[in-house]
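Below is one structure, written out as structure tokens; comments come after it.
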Amino acid sequence: MNCPRCGRPQPPDAEPSVFCAHCGQFLVPTRWVAGPPPGAGPADPGVPRPRYAGPPRYAEIPRWGFPARAWQPAGAMPATPPTSARAIERAGPLVPLLRGLAVLAAVSGAAEVWRYALLLASRDDALSAPAVAASDALVLAASWVTTLAFLGVGAYLLSWMLALRRAAAQRSGRRPARADRWVLLGWLVPGLNLSVPGSTLAEVEHAALARPANERPRPSRLLLLWWALWAANALVAACALAWRFRPGVQAQADGVELHAACDLLAAATALVTARVVLWLTALVSPPRPTSRQTVISVRG
């Protein structure tokens with residue numbers, strides 16, 4: 001047998017071996033076959049494969065991911081434009097004001113619920129005079145304080161909204177679709193305030209995300225929720241105001257229910273409005289600089 005490496009024949013008097021007597025090459029032809037490591041082979045045919053249950057699902061909204069922002073070229077962080085700075089400054093005190101308004105509306109709703117409970121109790125027994133006086137005083141004080149706070153916070157909300165529209169328009173490079181005076185009329189005139197506020201904020205969100213101008217605005221889920229609460233609150237408030245002119249004891253009891261529902265809806269709307277203010281203000285704000293930690297040295 002000739003060696004595959006050196007080509008020399010093996011001496012006939014050499015001891016039988018699988019190695020070349022001259023160079024030590026392995027004389028038996030071999031073929032290397034790669035195989036899986038131990039324990040990584042195919043599954044047992046007797047064990048059925050699990051059924052495909054679809055893509056991964058989450059029990060709650062994941063907290064990771066990139067924020068919804070328009071693309072910006074890399075480089076130095078841009079300075080905050082004056083219009084965005086005004087919207088950011090007005091959003092700072094607006095969020096706690098809205099949360100405080102939600103607390104006042106909840107207290108007013110609780111006072112109306114207490115009054116309704118007293119009305120139910122009065123059907124079977126006489127009421128205590130101090131309890132009735134305390135309920136009337138709480139309803140009167142809470143309703144007036146909530147109404148005044150609503151007017152003040154509402155005016156401040158409109159000023160923030162106008163500054164936000166200008167910031168979004170400057171960010172997108174397009175003029176707003178409507179003038180400020182028509183937007184204010186749409187927010188204040190009954191009937192128009194069911195659609196104009198939601199469409200205005202949807203346009204602001206569309207412009208702040210730098211979406212195409214010829215594309216129809218698609219409000220986010222948060223904005224749709226706020227729009228539904230806003231419209232429901234306006235409708236219930238109109239019904240409660242109109243119900244006051246109906247005569248009869250039953251109409252007064254129904255009016256208490258409507259006022260309680262209106263106050264609780266107002267509390268929910270104020271809380272969601274605070275979330276919308278934070279969301280839209282973040283869209284027109286410049287991106288925050290992120291710092292990356294780097295290892296400089298390792299001490300023993």
| task | Tell me, yes or no, whether region 76-87 has at least one residue that is small (Gly, Ala, Ser), at pLDDT below 70, surrounded by 10 or more Cβ atoms within 10 Å (Cβ to Cβ) and assigned to a helix (DSSP H, G or I). | result | yes
| Considering region 1-20 alone, what residues qualify as being at pLDDT 75 or above and of a type in the set (A, V, I, L, M, F, W, C)? | CYS3, CYS6, PHE19, CYS20
| Identity of the residue in region 144-173, among the hydroxyl-bearing types (Ser, Thr, Tyr) and modelled with pLDDT of 85 or more, that ends up surrounded by the most Cβ atoms within 10 Å (Cβ to Cβ) | THR146
| task | For region 186-206, indicate whether the set of residues that are in contact (Cβ under 8 Å) with a residue 12 or more places away in the chain, buried (at least 16 other Cβ atoms within 10 Å of the Cβ), touching an Asp or Glu at 6+ places or on another chain (Cβ under 9 Å) and within 17 Å of ALA282 (Cα to Cα) is non-empty. | result | yes
| said: in a helix (DSSP H, G or I) and not aromatic (Phe, Trp, Tyr): is that true of ALA126 in this structure? | reply: no
| Can you name the condition, by its number, that SER199 falls short on among (1) in a loop (DSSP other than H, G, I, E, B); (2) at negative phi? | (1)
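Of the residues LEU148, LEU118, LEU140, LEU97, only one is in contact with a Phe, Trp or Tyr (Cβ under 9 Å, 6 or more places away or on another chain) and either assigned to a helix (DSSP H, G or I) or in contact (Cβ under 8 Å) with a residue 24 or more places away in the chain (or both); which?
LEU97
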| Being of a type in the set (Gly, Ala, Ser), over 23 Å from the mean Cα position of the chain (by Cα) and closer than 22 Å to LEU225 by Cα, is that true of even one residue in region 174-195? | yes
| said: Being surrounded by 19 or more Cβ atoms within 10 Å (Cβ to Cβ) and either part of a loop (DSSP other than H, G, I, E, B) or at pLDDT below 85 (or both) is true for just one of GLY255, GLY300. Which residue is that? | reply: GLY255
| said: Whether any residue in region 209-220 is polar (S, T, N, Q) and assigned to a helix (DSSP H, G or I) is what I want to check. | reply: no
| field | Yes/no for ASP44 being at pLDDT 70 or above, in a loop (DSSP other than H, G, I, E, B), of a type in the set (Asp, Glu) and farther than 30 Å from LEU222 by Cα | value | no
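The values are calculated or read from the model by the stated rules, or taken from the named source; none is laboratory data. Everything quoted here is computed from the prediction, not taken from an experiment. Reconstructed Cβ throughout: ideal geometry from the backbone, glycine too, with neighbour counts over all protein chains shown.
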